[in-house]
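Notes for the one structure printed next.
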Amino acid sequence: MITSLLLLFKFGYDIVKRLFHDAYFRALGTVLLLMVLIGTLFFWLVENQTFLHAPTYAAATLAMNSPYGTGWGPQTTVGVVFNVIYLYLGVGLFLLFVLEAGKTMVRSYEEFITKMSCAKH
């Protein structure tokens, strides 16, 4: 249990480290953050969502976990159009980011296994 938790923190650290050193991954993270900020501002200012609901809805929409239909979704025609465009642009970007983070975790795990097997010999 503790080993698994430590590995999880190590993988998280490796992802953050890569985010700062890899230009492609950093660009993906920056654009994804900008997408969430744009979505937050739009849903807060145009759709009159609360300041806490707006970033939650924006991030959940990009993660394909949109709470659409719960009353949080867009109420105006402009909001619905923005939401569709936001989904098409943001979901692909989010998937690329998650895939790159997954590659980093796999690479980190492979390096860990290699180090452990070399330490045993």
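The values are calculated or read from the model by the stated rules, or taken from the named source; none is laboratory data. Remember, predicted model here, so these are calculated numbers, not experimental data. Don't worry about glycine lacking a Cβ; one is built from the backbone with ideal geometry, like all the others, and counts go over all protein chains shown.
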task = From Y109, Y86, grab the single residue that is in contact (Cβ under 8 Å) with a residue 12 or more places away in the chain and either buried (at least 18 other Cβ atoms within 10 Å of the Cβ) or assigned to a loop (DSSP other than H, G, I, E, B) (or both).
result = Y86
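So if I check each of Y13, Y57, which one is of a type outside the set (D, E), modelled with pLDDT under 90, within 17 Å of the chain's Cα centre (by Cα) and crowded, with 18+ Cβ neighbours inside 10 Å? Step through it out loud before you land on a result.
On the way: Y13 fails: crowded, with 18+ Cβ neighbours inside 10 Å.
Of Y13, Y57, the one residue that is of a type outside the set (D, E), modelled with pLDDT under 90, within 17 Å of the chain's Cα centre (by Cα) and crowded, with 18+ Cβ neighbours inside 10 Å is Y57.
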message = Of all residues being exposed (fewer than 12 other Cβ atoms within 10 Å of the Cβ) and of a type in the set (A, V, I, L, M) in the range 34-51, which is farthest from the chain's Cα centre (by Cα)? Just the residue, please.
response = L45
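Conditions (1) polar (S, T, N, Q); (2) within 26 Å of Y86 (Cβ to Cβ), marked per residue:
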| residue | (1), (2) |
| --- | --- |
| L6 | no, no |
| G12 | no, no |
| I15 | no, yes |
| R18 | no, no |
| Y24 | no, yes |
| T30 | yes, yes |
| L41 | no, yes |
| V46 | no, yes |
ask   = Quick one: would you say R26 is out of contact with any Phe, Trp or Tyr (no Cβ under 6 Å at 6 or more places or on another chain), surrounded by 13 or more Cβ atoms within 10 Å (Cβ to Cβ) and not hydrophobic (A, V, I, L, M, F, W, C)?
value = yes
note = For helices (runs of 4 or more DSSP H) lying entirely in the range 1-82, having 1 or more residues that are under 30 Å from M116 (Cβ atoms) and either in contact (Cβ under 8 Å) with a residue 40 or more places away in the chain or not basic (K, R) (or both) picks out 2-21, 23-45
